[in-house]
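Structure, as structure tokens:
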Amino acid sequence: MMSMDVLAKAGYDIHFETKVKGIKAGIEALFETLKQRLSLDQDERMDLKQIVLMITEPEEIEDLNLVMDKNGFKSDSDLGKALEYIYTNGTAAGIHVVLSSSGVIPLLNVLQKKQLPHFRHRVSLQISEQESFDLFGSRTASQLQMQGDEPVIAFYKDINGRTQVKFKPYSVTDKGFDKQFEHYKSLLLNR
């Protein structure tokens, strides 16, 4: 596992949670950590360790899913509000959020479409045209596999920087992967 073989050995604190109760507690604790960090002077925040919160399939956590408000509109749940506070304000305090979902539609069960601009870096495999427009503002991610199922192609776009690239996401069996892995491992371990 990359987190234990590389990141932990490089001195990073790794907290891995699979139980919903633990994930909720982690989000709530990070919410409090962010409030404390934001109360510090900006210069003091510069010396703090970076924190990355990674959540895979957030739509599977019922307490993160959008709820209907009294007017019948979808709004953030209480836990969703804490997560929104983290990804909206966290960058200024060295806290970053990575969400990985099975698709754009499931992701929009957790985030309102108007919240997507808070996520600058976006990656996708082949998705529907509507999902591609929702996530990237173009059809590009809906046309990745036009030449067939192989090779699998992914699409990355930096929404703010206007950078975009198509790439092969599953290259662990390619020649040279071990060399690349060792290179990145040494970079992290020697920081």
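Listing for the model above:
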{"read-out": "Chain lengthening between M146 and N190 when straightened (0.36 nm per residue, less Cα-Cα)", "value": "11.6 nm"}
{"read-out": "GNM top mover of I14, I153, I23 - the chain, alpha-carbon springs below 10 Å", "value": "I14"}
{"read-out": "Cα-based Kirkwood hydrodynamic radius, the stretch 16-67, one decimal, Å", "value": "12.8"}
{"read-out": "Amide H contacts of V98 (H built 1.01 Å from N, under 5 Å, at least 5 apart or other chain)", "value": "L53, M54, I55"}
{"read-out": "Long-range lysine pairs (8 or more apart or interchain), the stretch 43-185, Cα under 25 Å", "value": "20"}
{"read-out": "DSSP bridge orientation in the chain - percent antiparallel, rounded to nearest 5", "value": "65"}
{"read-out": "Check: the chain dipole with +1 on Lys, Arg Cβ and -1 on Asp, Glu Cβ, in debye", "value": "460"}
{"read-out": "Rounded accessible area of R139 (nearest 10 Å², 1.4 Å probe)", "value": "110"}
{"read-out": "Heavy-atom accessible area ranking, 1.4 Å probe, most first, across V20, V97", "value": "V20, V97"}
{"read-out": "Carbon + sulfur, % of accessible area of the stretch 1-90 - ligands and nucleic acids excluded, 1.4 Å", "value": "52"}
{"read-out": "Solvent-accessible surface ranking, highest first, for H96, H183 at 1.4 angstrom", "value": "H183, H96"}
{"read-out": "Gain upon complete extension [E17, A92; 0.36 nm per residue less C-alpha separation]", "value": "24.5 nm"}
{"read-out": "Theoretical ellipticity at 222 nm over the chain - DSSP helices of four or more residues, -39500 (n - 2.57) apiece, nearest 500", "value": "-9000 deg cm²/dmol"}
{"read-out": "Cβ charges +1 (Lys, Arg) and -1 (Asp, Glu), total dipole of the stretch 69-124, debye", "value": "200"}
{"read-out": "Residue-level accessible surface for S186, protein heavy atoms, 1.4 Å, Å²", "value": "50"}
{"read-out": "Computed accessible area, D47, all protein chains, 1.4 angstrom probe, square angstrom", "value": "130"}
{"read-out": "Low-density loop cleavage sites - GluC sites (Glu not before Pro) in the stretch 2-93, where at most 16 other Cβ are within 10 Å (DSSP)", "value": "E17"}
{"read-out": "Orientation-averaged projected area, Cα convex hull of the stretch 16-109 (nm²)", "value": "6.7"}
{"read-out": "Order of exposure, largest accessible area first, which applies to Y12, Y170 with probe 1.4 Å", "value": "Y170, Y12"}
{"read-out": "Charge-dipole axis of the stretch 7-68 as Lys and Arg at +1 and Asp and Glu at -1 on Cβ define it, positive-most pick from A8, N65, F31", "value": "A8"}
{"read-out": "Note, ³J(HN,Hα) from phi for the stretch 40-54, Karplus 6.51, -1.76, 1.60, rounded to Hz, x at Gly and Pro", "value": "7, 5, 4, 5, 5, 5, 4, 8, 7, 5, 6, 10, 10, 9, 10"}
{"read-out": "Angstrom value of the Kirkwood radius, inverse mean 1/r, which spans all Cα pairs in the chain", "value": "18.8"}
{"read-out": "Gaussian network model of the chain, Cα within-10 Å springs - most flexible of F133, F73, F16", "value": "F73"}
{"read-out": "Surface accessible to a 1.4 Å probe, per residue, for the residues of the chain, Å²", "value": "68"}
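The values are calculated or read from the model by the stated rules, or taken from the named source; none is laboratory data. Remember, it's a predicted structure, so these values are computed and weren't measured experimentally. Heads up, the Cβs are rebuilt from the backbone with ideal geometry, glycines too, and the neighbour counts pull from every protein chain shown. In case anyone asks, the SASA skips ligands and DNA or RNA and just uses the protein heavy atoms, side chains included. Shrake-Rupley method; radii C 1.70, N 1.55, O 1.52, S 1.80 Å.
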